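Only one structure is covered here, and it is reproduced in the block below.
Read the figures in this text as sums done on the coordinates, not as results from a lab. Because the structure is a prediction, the values reported are computed rather than measured. Don't worry about glycine lacking a Cβ; one is built from the backbone with ideal geometry, like all the others, and counts go over all protein chains shown.
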């Protein structure tokens with residue numbers, strides 16, 4: 001049993017206790033945020049804001065620039081999404097779940113490419129191309145940027161981006177030594193699959209004639 005425990009948590013032996021506590025808190029609120037998103041509940045945003053702020057601090061300390069920018073972007077998009085989700089499209093209805101339009105798909109491609117270029121420039125400027133994880137980090141950053149933008153717009157396709165990004169992030173964060181965060185992304189993957197199914201059912205019900 002001890003070798004298994006050491007395999008998963010040995011990297012935490014030299015971590016400051018504060019970092020470990022903050023990571024656990026961030027993971028808990030991150031889990032709550034994704035769960036509320038699956039439930040199509042507005043609490044996805046306040047819980048997400050707490051999680052992302054903590055992760056920005058942690059990732060800055062470890063110089064994981066791409067991941068840090070993801071969470072800084074999440075924080076900003078959470079504020080934007082909070083506004084969109086509480087905005088009424090008419091006197092009785094709030095912004096509904098919908099499919100992405102052709103124009104929104106074009107915007108998604110633009111966000112993806114622009115993010116790749118932006119993160120590339122940041123890594124180049126700070127000379128951080130010292131590991132294969134930097135290239136994977138660049139890719140996941142672009143995937144998550146699109147997913148977060150689509151979620152703020154309440155587009156069902158956002159879940160597909162979360163699923164892809166979460167699957168890649170599980171081994172990536174484990175390799176980086178953030179085991180709790182790796183477990184978090186494993187749970188995120190499962191929730192994202194169910195979230196996609198739940199939103200799809202919600203969308204079908206909204207389209208059903210009254």
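What is the angle, in °, between the Cα long axis of helix 17-38 and the longest principal axis of the Cα atoms in the chain? Nearest 10 is fine, range 0 to 90.
The angle comes out near 20 degrees.
From the helices alone, meaning DSSP H stretches of at least four residues, give me the mean residue ellipticity at 222 nm for the chain, per-run term -39500 (n - 2.57), in deg cm²/dmol to the nearest 500. Provide the component values of the computation, followed by the final result.
Working: 8 runs with 162 residues, N = 210.
Taken over the chain, the calculation gives -26500 deg cm²/dmol.
Give me the number: length gained by fully extending residue 21 to residue 109, i.e. 0.36 nm times residue separation minus the C-alpha to C-alpha distance, one decimal in nm.
Answer, rounded to one decimal: 28.0 nm.
Treat the count of other C-beta atoms within 10 Å as a stand-in for reagent exposure and order 131, 37 from fewest to most.
Listing 131, 37 from fewest to most nearby Cβ atoms yields 131, 37.
Provide 59, 117 in ascending order of the number of other Cβ atoms located within 10 Å of each residue's Cβ, fewest first.
117, 59
Nearest 10 degrees is fine. How inclined is helix 132-152 to the longest principal axis of the chain, computing both from alpha carbons?
Helix 132-152 sits roughly 30 degrees off the main axis of the chain.
Measure nothing but the geometry: give the 0 to 90° angle between the long axis through the Cα atoms of 65-85 and the longest principal axis through the Cα atoms of the chain, rounded to 10°.
20
Within a 10 angstrom radius of the beta carbon, how do 102, 153, 176, 197 rank from fewest other beta carbons to most?
The most exposed by this proxy come first: 102, 197, 176, 153.
Please report, in Å, the Rg and the Dmax of segment 142-210, where both are computed over Cα atoms only.
Cα only, segment 142-210: 14.0, 52 Å (Rg, Dmax).
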